[in-house]
Amino acid sequence: MLYLSRRVDFSATHTYHNQEWSEEENLATFGKCYNPNGHGHDYKLEVMVRGNLDQKKGIVVNTVDIKKIVSSFLQELDGVFLDKEHPYFKENIPTTENLVNYIWDSIKDSFEGCELYRLRLFENHYLSAERVLSGMTYLTRKYHFSAAHRLHSIHLSDQENKDLFGKCNNPNGHGHNYYVDVQVQGNPSPQTGMIMNLKDLDEIVEREVLDKFDHKHLNLDTEEFKELNPTSEVLALVIYKLLKPYIPDLHKVGVWETEKNYFEYFGEGEY
């Protein structure tokens, strides 16, 4: 089985508003997203299909055909104020989760010679939602912090550490601009359209992760890494364990140490 992707972009305006709630309730839940005049995004939609190789053509399906199918459908969303102009989103809050599920249900049977495997919709660099063939929906929020660390294991000799980690074993440490992907899974709430309220998620990550690690030397300034080697593999595991008690639907934590190095942790027995 082969998997291939094509990205298609569109722009739309929306606001978050539960018609059954008061203005105070909407504002408390949705914050700036409740602005009645709306706000907009340049959405990026990654469409992944899978299928068997056509031995004569050397392809599964022409990616140009994927673009044509998806672009043709997206005409009903592109350039639209969703909850004012689109029939479905007049009744359903146009969150990223609801959008990706609506697109999935609308195009899932449109492909020949392959099947839709995953949709990933980016609202912006820091927020995306996924729908996969199994039926599960995921929401990913990206966070940033800056920190220093020294790669040094207390279980190895000084020479072994130097041989293994090289310049990353510098006694004075070195630093990174870390980006952390926090992904939750579940079904969007009928009341909010969200898997988890972003305000709550932001507050938890700020308290449990960013306040502890941002502008810190991980080895010297944090309790979590006094005995642990702060590699990015370990960092992903530690952040997951810090968040899991407060986020029952946590699916994974991904850590971008640099643009080239990425690490993720799903929890024991969860993948």
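The values are calculated or read from the model by the stated rules, or taken from the named source; none is laboratory data. All values reported here derive from a predicted model rather than from experimental measurement. Backbone-built Cβ (ideal geometry, glycine too); neighbour counts: all protein chains shown.
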Scan of segment 109-123 for residues that are in contact with an Asp or Glu (Cβ under 8 Å, 6 or more places away or on another chain) and over 20 Å from residue 57 (Cβ atoms), ordered by number: 118, 119, 120, 121, 122
Does any residue of segment 81-101 turn out to be hydroxyl-bearing (Ser, Thr, Tyr) and in contact with a Phe, Trp or Tyr (Cβ under 8 Å, 6 or more places away or on another chain)? yes
Selection within segment 207-230 - surrounded by fewer than 20 Cβ atoms within 10 Å (Cβ to Cβ), closer than 17 Å to residue 177 by Cα and touching a residue at least 60 places away in the same chain (Cβ under 8 Å): 210, 214, 215, 216, 217, 219
Residue check for residue 165: surrounded by 17 or more Cβ atoms within 10 Å (Cβ to Cβ), aromatic (Phe, Trp, Tyr) and without any contact (Cβ under 8 Å) to a residue 24 or more places away in the chain: yes
All-but-one check, residue 32 against (1) modelled with pLDDT of 95 or more; (2) closer than 20 Å to residue 126 by Cβ, failing number (1)
Can you find a residue in segment 22-37 that is touching a Leu at 6+ places or on another chain (Cβ under 7 Å) and closer than 22 Å to residue 106 by Cβ? no
Which members of segment 131-163 meet the condition of being part of a helix (DSSP H, G or I) and either of a type in the set (D, E, K, R) or touching a Ser or Thr at 6+ places or on another chain (Cβ under 8 Å) (or both)? 158, 160, 161, 162, 163
Those residues that are crowded, with 23+ Cβ neighbours inside 10 Å and not in a helix (DSSP H, G or I), I need them from segment 83-105; list them, please. 93, 94, 95
Within segment 15-34, residues being over 24 Å from the mean Cα position of the chain (by Cα) and either in a loop (DSSP other than H, G, I, E, B) or loosely packed, with under 13 Cβ neighbours inside 10 Å (or both) number 7
Within segment 56-82, of all residues that are assigned to a loop (DSSP other than H, G, I, E, B) and modelled with pLDDT under 95, the one farthest from residue 44 (Cα to Cα) is 56
Which of (1) of a type in the set (Gly, Ala, Ser); (2) out of contact with any helix residue (DSSP H, G or I) (no Cβ under 7 Å at 6 or more places or on another chain); (3) surrounded by 15 or more Cβ atoms within 10 Å (Cβ to Cβ) does residue 12 not meet, given it meets every other one? (2)
